[in-house]
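In what follows, a structure is listed as structure tokens, so that the remarks can point back to it.
The values are calculated or read from the model by the stated rules, or taken from the named source; none is laboratory data. Since the structure is predicted, the reported quantities are computational estimates derived from the model, not experimental observations. Neighbour counts are summed over all protein chains in view; Cβ atoms, including those assigned to glycine, are modelled from backbone coordinates with ideal geometry. Calculation scope for accessible area: heavy atoms of the full protein, side chains included, ligands and nucleic acids excluded. Shrake-Rupley method; radii C 1.70, N 1.55, O 1.52, S 1.80 Å.
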Amino acid sequence: MASQVAQQEGGSGGGGLFVEISGTGVLNSAEGTSGLFIITVSQPTSSWTVYRRVATFQALSQHLSAMVPTLQACPPVADNQLEAAREGVQGWLHNVLLIPGVAQTPVMRNFLCAEANLPP
């Protein structure tokens, strides 16, 4: 289930933003091992991939809940259960992007765009 968000400002022709968790992975670093979601983001004229750790989803959830108090928290995810949790996290992300204005916030734009196409 990909998320589609109609652009509410800017953009050409009012195209949409499509967001899908297209895969999972494990990142081994000096800090240890952590789960990773691979997110494909597309607009009518471009697309890119971002890689986000599970902890980044939790931080996004906390930040957005301060802006949208009725927002449900991102489902908890164990690093060794990524594929099983993928659908729930995708559903949460879809619901978040349906909230008017959230896709245009700096925190969501950073989440969806920062370090695009740079695998960890």
First in segment 35-62 and within 18 Å of Pro106 (Cβ to Cβ), second anywhere and aromatic (Phe, Trp, Tyr) and part of a helix (DSSP H, G or I), Cβ under 6 Å, 6 or more apart: Leu60/Phe111
Positions within segment 90-108 being exposed (fewer than 12 other Cβ atoms within 10 Å of the Cβ) and free of Cβ contacts under 8 Å to residues at least 40 places away in the same chain, in sequence order: Pro106
Sort through Glu20, Glu9, Glu87, Glu31 and tell me the only one that's open to solvent by 80 Å² or more (accessible area, probe 1.4 Å), modelled with pLDDT of 90 or more, out of contact with any Lys or Arg (no Cβ under 8 Å at 6 or more places or on another chain) and acidic (Asp, Glu). Glu87
Determine if segment 94-102 includes at least one residue that is in contact with a Ser or Thr (Cβ under 6 Å, 6 or more places away or on another chain) and either within 16 Å of Ser22 (Cβ to Cβ) or of a type in the set (Ser, Thr, Tyr) (or both). yes
